[in-house]
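Single-structure report; data block below.
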């Protein structure tokens, strides 16, 4: 049994969340909680297996899994190296934590409504895991579609404004996916194969032809839309702001990063990045991300809503990753990957805390965050840690990705990028310290009766009377939050884990660099 | 002592304040006040013992070094206790003990809110300061430098009112911007020189690139130190930070933040760029003249300030520029004088600030004009104030005198007679802005009616918890004046550091 | 006329597909009505699918079902694009299904599916109501 | 061979249909025309030699047109 | 009001002109690019040479399915089709979730009968004939997936269409068989799970995911197993697609009747 698991690790890691999503509707026919718990159990197993896989890859180096027993160019192949293995652990970890985090949002909900959210969230995790581990170009398209569709659904579940922003995201997202499909068509027209490794061999002689250029342009636009790179980010602020509070950490934290990883894999592992043809596109990506870093931070300064501030800061942070891709040196790439890992932890931690504040006080405008640290000390500590890490204060994760990016830029002689890095982190400092001022110095204390928890309690009470079943007392009540802990234990677990993740990613990033080293040195 | 013992002491010196900060933050509100204060005091004593037990080893020349972990690709978080670091560490740890007692008295006396945050941030600052002293390479130095910046912010905005908010913003703008410039310079240095480890005499050599680039990179990096040390164009956050409670100003101006800025200049000038490179690219010249101007200008401004704490702030700006000037003279004597002036200024300035705090808490007076005849009510405090101000001015038998003389010797060695004049002029100016205060306190003719009641019989002295640390600091200063090598052998360390950088010769 | 036919046979088909693709995208951008945007989106996806199929075409190749007569590789059309395009068509159905569901919710909330009315209503919106979320 | 290639004719017809849909004011007629579009695309796929894809396109075209028409009952029928 | 309107119209027309100009530029650019593509239909262009020869020559023997497209679809790139069915299931669940934030009332076909006079004589006679034929045809298409045209999606869609016709025209009064969205989503989940199970069985039996030789059933030679594997997959796809289309239809129609306009 165990060698079956070990030999089929890549598939199990990706498909367990899918199995969870399929079981959830059937099981929740019998009992509401069992449906949710199956999804959490499957996501947990997938996380454990991805850790086992990472350990196996650190000593084996590369794993290639052929579906249906067919050799790669003919069948589909999962190709995993240390780069994708680390990302798999990150995605399944964040996914597992956010499934637990969303439990309190569904207390007292009808059987039908609660299983839907959980199976869509589980499919989002499966889509993200698949996008990271696939080695086949068209397979990446189908996983991209799964991720986008579950993204549309989760954003649409965030209320009426969420529906509108989800529709706009659907429009632009489909254009992005069609561009990517056209890119595949052009590359398929030139090389005749769909397997990335095989394609990297065949694309060499054809690199200078016009069609490959267009294919690269379409990839840049397609992935640019999906990862909300600067000029193509129209959909992103509204989508991240109005997403469902339980899914916002996963969407904002990880869903924006995996297309960036896919772009990195395309430009470095399929088209080798040192030829001057690819260089042109990387310069374009560099300009887009540099402008994005400045634009995102400036817009974030002007926001009053906490979530939209974080959304605009995500545009700036994805610019860091684009910068790393444009710098192309060993350190540039390393900086991009470390920033993907660091920033997804920071952003999901901030969205966990924003969801917790919304659950307890129902507040999202930053002015009304005054004195909440008295009642929610752990959440505010997590916000401080994540914000300081975003600004780039040394011992935390944000500093070290900036360090590698700046080092890569200095080695490559592009000093303008260091200047942009400095400006962007200063602008970050402006709006994050303004957040601290609002949190620690404002006098207007948020009142506890408007929180989502209270809202759920009221509805559950009405429902209990309707079904004349004894109403089980919840921690959140009409008058405010009465629980022993500051927020429900599931949420507190998520906040603490992500805050610890930031600290550990900061302190132990040298070990992370050692693990990622061989995979990146291979293409530099 | 064995090698592992030394590195163990080194690591614990840095970790104790951090652990104390975290404990206070986590447990502070749920436990009785005294227990929380006990944690601070315990941590202060433990750190002081760790640092002072390192002194004999470093005196002998055995540098305790320790690599904690690999922090970035190819770079390690490593500590090293060399003589320059020891001076700053000993000042910081001994004064933390004194300031803790003082701030307990101040906080209790003044009935401050959110004290837990205060003491935790205090411990955080000390952890940053310790890291800055013992850092063995630029990256570790920058990490703890930023920790110091960030953990001082809650102290500056302690009163959480609008005034506090604006001075906090000004503080952040100056320190974060200069921190990022330092970061950019450090990246360039690592990219070109391949290493960041401090070596006496400097390791930077931008082969081939022209002088202007080296000057540019040097100014980029030294701006971080200059901001914290309050060199003139970048000093305006320091008076603005006077909004904070007095123990914080004491900490800011004597123990941690400002000294860290001066120490950063020392590390950059002597251990990173090195005297030859700077002499060639005129970097030290620029800084030298800036410091000179600062010394004169700040003393002039101090004279006009009627608020006692503002006056002391500008006096700090001036005194710190002594240290920067001493280092930038690029002569062994200059460096020794600068190092020792750090010690002298620390003990004397903290006494002045404690007096100002005591006056504020007991007599609720901040402005000098309202202090006519306060000597009748608080003779001991005002006597200490007068003694310390004489020490700052450079009276013999007080440490200020020895450090000023050495810096003058350094100026003579460097062939810059104009700076000798500047030093003498500033000594007189410092008398000009400090002595009037004690004159008003004692010999003032129009004594205010509220102090008439006080006479030799009844005194309205400050509480014991504030008076004892004040007198202890002054006593230490006096002892330092007679025996420069008392306790932590500050003067020998200064000479050892100078000789290691300039290769022998005082 | 056959010169035109030859040109059409070789490259003309691609050009017309490209026109159809950009027309679909242009329709999505210009049409004010959200329903029409959805229809244009489907048209755009059909254009992409057809473009992919043209890549696999062979002169003289029959449909990709193995018969006794034809044995070699030149007798059959390339089956790979067909397999891929089945997926793309089903994906386009899924996307337009979700789009329509969103459309119905937008109609209920904003009362119309015209871009201008929605933008006006959206601006008039005061702080978003906290708890209409699922 | 006077006439143009079959595929070219069908493509021109598709382009014409798209222009009509863009300019049309009545959404119900747009949906019906979209069904014609789908049928025409099916014929195009057969011409290119892809019967499987044509079969799927025919079926899926009918179903998506049904969705469009059914959802028209909620959303309004006339557009600006 | 007219001023506002004309301003908006002017804006729109400017916007349209800019759009058309942009369209022209893009299409012109694309023409130059498309020139470099291989000529349509020449047999030795890259896509027709490299991988597709293997599919055409070895395909029928290895996958035991003369229909090459189903061979590629279900066997060589079987994983894609699993993901695609998941996309369908995902679309079904998300539509059900998005349109579910209202109190539930089960709808009936009345919404159609009230408007048009559906009860015509022809409908009553023809429908009972037509619906069974569609269902039989659907099963034919499913079973013949490998031999001739057809496959999971087409069969599933046909069954869904048969269901639609049944709901619209047949007289529901007689039987009280209530189909809730939760039920149809569960059926879709079971369909996709059958597909997943096929792959999982191969994995348990020692092969790779979706490696049909490793299916635990007994068969004379490998190709037989391929055929059973493909058939199992096709049934899974059919059930999944059918149930999803019905879910989306139910959700959309149910939303109509709740709007009180029916």
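The values are calculated or read from the model by the stated rules, or taken from the named source; none is laboratory data. If you're wondering where the values come from, they're calculated on a predicted model, not measured in any experiment. Virtual Cβ from ideal backbone geometry, glycine too; neighbours counted across all protein chains shown.
List of remarks:
- Check on residue D:70, within 27 Å of residue C:116 (Cβ to Cβ) and in contact with a helix residue (DSSP H, G or I) (Cβ under 6 Å, 6 or more places away or on another chain): yes
- Taken as a whole, the condition of being touching a residue at least 60 places away in the same chain (Cβ under 8 Å), within 19 Å of residue A:131 (Cα to Cα) and either crowded, with 24+ Cβ neighbours inside 10 Å or within 8 Å of chain E (Cβ to nearest Cβ) (or both) applies to residue A:224.
- Only one of B:366, B:344, B:393 that is over 15 Å from residue B:475 (Cα atoms) and buried (at least 22 other Cβ atoms within 10 Å of the Cβ): B:393
- Scope the range E:44-88; condition more than 7 Å from every other protein chain (Cβ to nearest Cβ), under 25 Å from the mean Cα position of the chain (by Cα) and over 25 Å from residue A:184 (Cα atoms); matching residues: E:63, E:64, E:65
- Residue that is on the phi > 0 side of the Ramachandran plot and either modelled with pLDDT of 90 or more or surrounded by fewer than 18 Cβ atoms within 10 Å (Cβ to Cβ) (or both), where the choices are E:236, E:206, E:222: E:206
- Taking first residues from the range E:247-262 that are facing chain C (nearest Cβ under 9 Å) and buried (at least 18 other Cβ atoms within 10 Å of the Cβ) and partners that are part of a helix (DSSP H, G or I) and at pLDDT below 70, the Cβ contacts under 9 Å between residues at least 6 apart in sequence or on separate chains come to E:256/E:111.
- Exactly one residue out of A:40, A:76, A:91 is touching a residue at least 24 places away in the same chain (Cβ under 8 Å) and more than 19 Å from the chain's Cα centre (by Cα): that is A:76.
- Qualifying residue in the range A:288-302 (condition: under 21 Å from the mean Cα position of the chain (by Cα), within 14 Å of chain B (Cβ to nearest Cβ) and in contact (Cβ under 8 Å) with a residue 60 or more places away in the chain): yes
- Hey, residue C:29 free of Cβ contacts under 8 Å to residues at least 12 places away in the same chain, surrounded by 22 or more Cβ atoms within 10 Å (Cβ to Cβ) and within 10 Å of chain E (Cβ to nearest Cβ) or not: no
- Note on the range A:472-517: among residues that are exposed (fewer than 15 other Cβ atoms within 10 Å of the Cβ) and over 24 Å from residue B:69 (Cα atoms), the one that is nearest to the chain's Cα centre (by Cα) is A:489.
- Against the conditions (1) touching a residue at least 12 places away in the same chain (Cβ under 8 Å); (2) surrounded by fewer than 24 Cβ atoms within 10 Å (Cβ to Cβ); (3) more than 14 Å from chain E (Cβ to nearest Cβ), residue A:65 satisfies every one except (3).
- Being surrounded by 24 or more Cβ atoms within 10 Å (Cβ to Cβ), at pLDDT 90 or above, within 13 Å of chain E (Cβ to nearest Cβ) and outside any loop (DSSP other than H, G, I, E, B) is a property that residue A:167 has.
- Those residues of the range B:372-383 which are surrounded by fewer than 24 Cβ atoms within 10 Å (Cβ to Cβ), in contact with a helix residue (DSSP H, G or I) (Cβ under 7 Å, 6 or more places away or on another chain) and within 26 Å of residue B:394 (Cβ to Cβ), in sequence order: B:380, B:382
- Taken residue by residue, the range C:93-105 has no member that is at pLDDT 80 or above, surrounded by 17 or more Cβ atoms within 10 Å (Cβ to Cβ), facing chain E (nearest Cβ under 10 Å) and part of a loop (DSSP other than H, G, I, E, B).
- Residues of the range B:160-182 that are facing another protein chain (nearest Cβ under 8 Å) and assigned to a helix (DSSP H, G or I): B:164, B:165, B:168, B:169, B:172, B:176, B:177, B:180, B:181.
- Residues in the range A:97-104 include at least one that is over 19 Å from the mean Cα position of the chain (by Cα), over 19 Å from residue A:6 (Cα atoms), touching a residue at least 12 places away in the same chain (Cβ under 8 Å) and assigned to a helix (DSSP H, G or I).
- Of the residues making up the range C:61-80, not a single one is more than 7 Å from every other protein chain (Cβ to nearest Cβ) and at pLDDT 80 or above.
- Leading residue by the ranking (nearest to the chain's Cα centre (by Cα)) among those in the range B:199-232 that are outside any loop (DSSP other than H, G, I, E, B) and closer than 14 Å to residue B:170 by Cα: B:228
- Meeting the requirement of 3 or more residues that are modelled with pLDDT of 85 or more, in contact with a helix residue (DSSP H, G or I) (Cβ under 9 Å, 6 or more places away or on another chain) and under 23 Å from residue B:99 (Cβ atoms), the helices (runs of 4 or more DSSP H) wholly within the range B:268-369 are B:308-328, B:332-358.
- The one condition in (1) modelled with pLDDT of 85 or more; (2) within 24 Å of the chain's Cα centre (by Cα); (3) surrounded by 14 or more Cβ atoms within 10 Å (Cβ to Cβ) that residue B:424 fails to fulfil: (3)
- With respect to the conditions (1) surrounded by fewer than 19 Cβ atoms within 10 Å (Cβ to Cβ); (2) at pLDDT 90 or above, residue B:171 falls short on a single one, namely (1).
- Residue list for the range D:1-58, restricted to those being at the interface with chain C (Cβ under 7 Å from one of its Cβ atoms), touching a strand residue (DSSP E or B) at 6+ places or on another chain (Cβ under 9 Å) and assigned to a loop (DSSP other than H, G, I, E, B): D:49
- Residue A:140 being within 18 Å of residue A:219 (Cα to Cα), more than 9 Å from chain E (Cβ to nearest Cβ) and either in contact with a strand residue (DSSP E or B) (Cβ under 9 Å, 6 or more places away or on another chain) or surrounded by fewer than 24 Cβ atoms within 10 Å (Cβ to Cβ) (or both): yes
Quick grid of which residues meet (1) within 20 Å of residue A:322 (Cβ to Cβ); (2) within 12 Å of chain B (Cβ to nearest Cβ); (3) in a loop (DSSP other than H, G, I, E, B):
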residue	(1), (2), (3)
A:373	no, yes, no
A:386	no, no, no
A:403	yes, yes, no
A:417	yes, yes, no
A:420	yes, yes, no
A:427	yes, yes, no
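- Exactly one residue among A:11, A:89 is in contact with a helix residue (DSSP H, G or I) (Cβ under 9 Å, 6 or more places away or on another chain), closer than 30 Å to residue A:499 by Cβ and either in a helix (DSSP H, G or I) or within 8 Å of another protein chain (Cβ to nearest Cβ) (or both), and that residue is A:89.
- Hits in the range E:237-246 (condition: within 11 Å of another protein chain (Cβ to nearest Cβ) and either outside any helix (DSSP H, G or I) or more than 8 Å from the chain's Cα centre (by Cα) (or both)): E:237, E:240, E:243, E:244, E:246
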